[in-house]
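These notes are about the structure you will find just below.
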Amino acid sequence: MAIVDRALVRLLPAVPKPVVRRISERYIAGEELDDALRVVRRLNAEGKMATIDVLGEEIASPDEARAIAEAYRKTFEALDRANLDSNVSVKPTALGLKLGHDLFRENLESVVEHAAERGNFVRIDMEDSSTTDDTLGTYRELRAAGHENVGVVLQACLKRTIDDVRELADLKPNVRLCKGIYLEPPGVAFRDFDAIRASFLQILDALWDAGCYVGVATHDEWLVEQTRERLTERGFAREDYEFQTLLGVRPALGDELVAQGHRLRIYTPFGRHWYAYSLRRLKENPKIAGYIAADTLNRLLPGRNGSA
Ligand SMILES: Cc1cc2nc3c(=O)[nH]c(=O)nc-3n(C[C@H](O)[C@H](O)[C@H](O)COP(=O)(O)OP(=O)(O)OC[C@H]3O[C@@H](n4cnc5c(N)ncnc54)[C@H](O)[C@@H]3O)c2cc1C
């Protein structure tokens, strides 16, 4: 399967842009903030929360990073005006992490402050392992500066994550736990599917033991089931946790969670860089190309259930 996935990715640049757009449509709200607001409004009406991601590609200058921060500030203002239930997710490199610590911190802090003024929250996405130390370090700095409305993402595929949980425990961080999308060297990451699942559950338990609020971000039904069992064992109330999924991915699973009374937040990307974003995400992890190809096929073939 891995060979097929890689072949699909190699073919992508040859696929006409309108076709990539049609495929991406399901996973990306659109090009403009208004597109994201429209999607969030629909999600809210379905009893789901959202987190908006402003797509920023390959930030090359401090001005571009500042423009992304400004786009997030505008997003909070629009969410507030429209009274929508959504926070935001920011990519550290889009806010300038690779261009200098001070720039990144300044941009991130301005977004976090803007959110706080509106009683909202900022999730710092986690990118590849070359960014983990800087991302967690800056998170710690913001917390030390008194900012409470900010959270991080931890990746179950990274071998270091269980130690990161111990190191962060004194802060009781608000954490999104996911498997991790980046292809990492075997030295730093688990590669085996079951090892990543086992790590996910070990980290989830460790976070809950430390009293953390966790957004459980997965479409893996087995992990969702394991999480549900743990929620019952721990006697958690509805507001003590949330599930999270990506826009357009396994919607039937999301609907089932909502119908069962769980809180669900949908990751909702928007922006003009949708094409570069789609290609980059697919190249980062060819497995995703396989998912999308299978999913698209499912929807095209009559009689197959592509709604999940
Ligand atoms: C809300 C949210 C936020 C995330 N934030 C980050 C982050 O900050 N950093 C990071 O490294 N990773 C992030 N991820 C991605 C995550 O790390 C995984 O790569 C991704 O969720 C796939 O893993 P899975 O747990 O769903 O399990 P898998 O076993 O990989 O997937 C289970 C099933 O879900 C479907 N599926 C999963 N992903 C897709 C997709 N993209 N398109 C189509 N179908 C799919 C497939 O049918 C697959 O069989 C995030 C994921 C979610 C849900």
Stokes-Einstein, Kirkwood over Cα pairs, the range 1-137, 25 °C, 0.890 mPa s; D in µm²/s equals 148 µm²/s
Sequence-distant or interchain residues sharing an amide H contact under 5 Å with A189, placed H: which? K159
Find how much the distance from A67 to A259 grows on full extension, using 0.36 nm per residue of separation minus their present alpha carbon separation; answer in nm with one decimal. 65.2 nm
Karplus-derived HN-Hα couplings along the range 166-173 (A = 6.51, B = -1.76, C = 1.60, θ = phi - 60°), whole Hz, x at Gly and Pro: 5, 5, 8, 3, 4, 8, 6, x
What size of dipole, in debye to the nearest 20, comes out for the range 59-149 about its Cα centre when the only charges are +1 on Lys and Arg C-beta atoms and -1 on Asp and Glu C-beta atoms? 140 debye
Given points 7 Å out from each Cα along the Cα-Cβ axis, report the E239 to Y213 separation in nanometres with one decimal. 1.0 nm
Students often forget the sequence filter, so: which aspartates and glutamates lie under 12 Å Cα-Cα from K48 once same-chain residues fewer than 8 apart are removed? D85, E242, D255, E256
Calculated FRET efficiency, L11 and D194, Cβ-Cβ r, R0 41 Å, to nearest 0.05? 0.85
Could you check the spin-label model distance between E46 and D133? Points 7 Å from the Cα along Cα→Cβ, value in nm. 4.2 nm
Could you work out the helix-only [θ] at 222 nm for the chain, with each DSSP H run of four or more residues adding -39,500 (n - 2.57) and the total divided by the number of residues, to the nearest 500 deg cm²/dmol? -16000 deg cm²/dmol
By average C-beta atoms within 10 angstrom, highest first, the peptides 153-161, 122-130: 153-161, 122-130
If each K or R counts +1 and each D or E counts -1, the residues other than S199 whose Cβ falls under 9 Å of its Cβ total +3
Residues whose built amide H sits under 5 Å from the amide H of R263, excluding neighbours closer than 5 in sequence, are F243
If the limit is 21 Å between Cα atoms, which of K179/K287; K98/K179; K74/K179 go over it? K98/K179; K74/K179
Over the chain, calculate the relative contact order: mean separation of alpha carbon pairs under 8 Å at least 6 apart, over the residue count, as a percent. 25 percent
Could you work out how far apart the two model spin labels at E141 and E31 are, taking each label as a point 7 Å from the Cα in the direction of the beta carbon, and quote it in nm? 3.6 nm
For peptides 84-92, 198-206, sequence by mean Cβ density within 10 Å, most packed first: 84-92, 198-206
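Where a number appears in this text, it was derived from the coordinates with a stated rule and is not lab data. Because the structure is predicted, anything quoted here is derived from the model rather than measured. All Cβ positions, glycine included, derive from the backbone under ideal geometry; neighbour counts span all protein chains shown.
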